[in-house]
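The next block holds one structure in the form of structure tokens; read it before the comments.
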Amino acid sequence: MDEPTTLPVAATEDPTLVLLKVEEAARRLRIGRTTCYALIRSGELESVPVGRLRRVPADAPAAYVARLRAAQRTT
């Protein structure tokens, strides 16, 4: 019998990740890497330093979108 094949979960969709690379966060938001760094610099997208690296908490992209949606409703 043929065994069912499963595709590996992409790193950007792995629900066990706690921190994302900036590129992964940008991919989730469907924006460019430079735009993502600009959002981090402005404080709109949360990030944390890990040594010399910059990481985005896995829930931060969704929180950013929620703030955008709330701001849109109030205008």
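Within the stretch 48-70, the set of residues being closer than 15 Å to LEU29 by Cβ and without any contact (Cβ under 8 Å) to a residue 24 or more places away in the chain comprises ASP59, ALA62, ALA63, ALA66, ARG67, LEU68, ARG69.
Criterion first (modelled with pLDDT of 95 or more and not in a helix (DSSP H, G or I)) does ILE31 satisfy it? Yes; evaluated as a whole, the condition is true for this residue.
Return the residues of the stretch 39-53 that are loosely packed, with under 15 Cβ neighbours inside 10 Å and not in a loop (DSSP other than H, G, I, E, B); say none if nothing qualifies. Those that are loosely packed, with under 15 Cβ neighbours inside 10 Å and not in a loop (DSSP other than H, G, I, E, B): ARG41, SER42, VAL48, PRO49, VAL50, LEU53.
Just for the stretch 15-28: of the residues that are out of contact with any strand residue (DSSP E or B) (no Cβ under 8 Å at 6 or more places or on another chain) and outside any loop (DSSP other than H, G, I, E, B), which one is surrounded by the most Cβ atoms within 10 Å (Cβ to Cβ)? If we take residues in the stretch 15-28 being out of contact with any strand residue (DSSP E or B) (no Cβ under 8 Å at 6 or more places or on another chain) and outside any loop (DSSP other than H, G, I, E, B), then ALA26 is surrounded by the most Cβ atoms within 10 Å (Cβ to Cβ).
The values are calculated or read from the model by the stated rules, or taken from the named source; none is laboratory data. Everything numeric here is computed off the predicted structure, so don't read it as measured data. Reconstructed Cβ throughout: ideal geometry from the backbone, glycine too, with neighbour counts over all protein chains shown.
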